[in-house]
Amino acid sequence: MADTINDRIKEILEKSPVVLFMKGTPLFPQCGFSNQIVSILNAVGIEYDSVDVLQDPEIRQGIKVYSDWPTFPQLYVKGELVGGCDIVTEMYQSGELAELMQKENIARKN
Ligand SMILES: N[C@@H](CCC(=O)N[C@@H](CS)C(=O)NCC(=O)O)C(=O)O
């Protein structure tokens, strides 16, 4: 039976504790908002997977419906949407993002 888009999304989210749906890649972000969130994740120094929604129109549309969130980037921790660029930026500035990563035992980059 063919996987539905929701099955694909769940599979991606189950594979890694932190997933960033973004435009472009962490090395070559294709949008300022994606670029900013990548810089924040690098500053926090945690491991994460990324999905380039520009390469996958089905995921690009499907994840918007999945989480009822219309824009990218979208950051997920343990399968739950944390937020986009604005929310993650605020959480970074307040220290809440680092706290969340610690609480969820997210591995740090070496
Ligand atoms: N305020 C948003 C800004 C993100 C945003 O506006 N993204 C736009 C332009 S990159 C977007 O994803 N549009 C939908 C699309 O391109 O599919 C945030 O906090 O993440």
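Read the figures in this text as sums done on the coordinates, not as results from a lab. Remember, predicted model here, so these are calculated numbers, not experimental data. We place every Cβ from the backbone using ideal geometry, glycine too, and count neighbours over all the protein chains shown.
In nm, to one decimal, how far is the Asp49 label point from the Glu90 one, both placed 7 Å along Cα→Cβ?
Each label point lies 7 Å from its Cα, and together they span 2.9 nm.
At q = 0.10, 0.12, 0.19, 0.21 Å⁻¹, what log₁₀ I(q)/I(0) does the range 5-103 have when each alpha carbon counts as one equal point scatterer in the Debye sum?
-0.23, -0.33, -0.86, -1.07
Could you calculate the FRET efficiency of Glu80 with Arg108 from 1/(1 + (r/R0)^6), where r is the beta carbon distance between them and R0 is 22 Å, rounded to 0.05? Write out the running numbers ahead of the final one.
Values: r = 20 Å, r/R0 = 0.91.
Here the calculated transfer efficiency is 0.65.
Once phi is turned into ³J(HN,Hα) by the Karplus curve 6.51 cos²θ - 1.76 cosθ + 1.60 with θ = phi - 60°, what whole-Hz value does each residue of the range 37-46 show in order, with x for glycine and proline?
Once θ is set to phi - 60°, the couplings for the range 37-46 become 5, 4, 4, 5, 5, 5, 5, 6, x, 10 Hz.
Using +1 at the Cβ of each Lys and Arg and -1 at the Cβ of each Asp and Glu in the chain, identify which of Ser39, Met101, Ile87 lies farthest towards the dipole's positive end.
Ser39
With angles folded into 0 to 90 degrees, how steeply does helix 57-67 sit against the dominant principal axis of the chain? Use alpha carbons for both and round to 10.
Rounded to the nearest ten degrees, it is 70.
At what distance in nm do the modelled label points of Asp56 and Arg8 sit from each other, each positioned 7 Å from its Cα along Cα→Cβ?
Between Asp56 and Arg8, the simple spin-label model gives 0.7 nm.
Give me the percent relative contact order of the range 5-103, please, defined on Cα pairs under 8 angstrom at least 6 residues apart.
Details: 129 pairs, mean separation 33.2, N = 99.
Relative contact order, the range 5-103: 34 percent.
Is it possible to state the helix-based mean residue ellipticity at 222 nm for the chain, with each DSSP H run of 4+ residues giving -39500 (n - 2.57), the sum divided by total residues, to the nearest 500 deg cm²/dmol? What is it?
On the way: 5 runs with 53 residues, N = 110.
Calculated from helices alone, the mean residue ellipticity at 222 nm is -14500 deg cm²/dmol.
Using the structure shown, select from Lys64/Lys103; Lys10/Lys78; Lys10/Lys103 the pairs with a Cα to Cα distance greater than 18 angstrom. Let's see the in-between values first.
Details: Lys64/Lys103 27 Å; Lys10/Lys78 11 Å; Lys10/Lys103 22 Å.
Result: Lys64/Lys103; Lys10/Lys103 exceed 18 Å.
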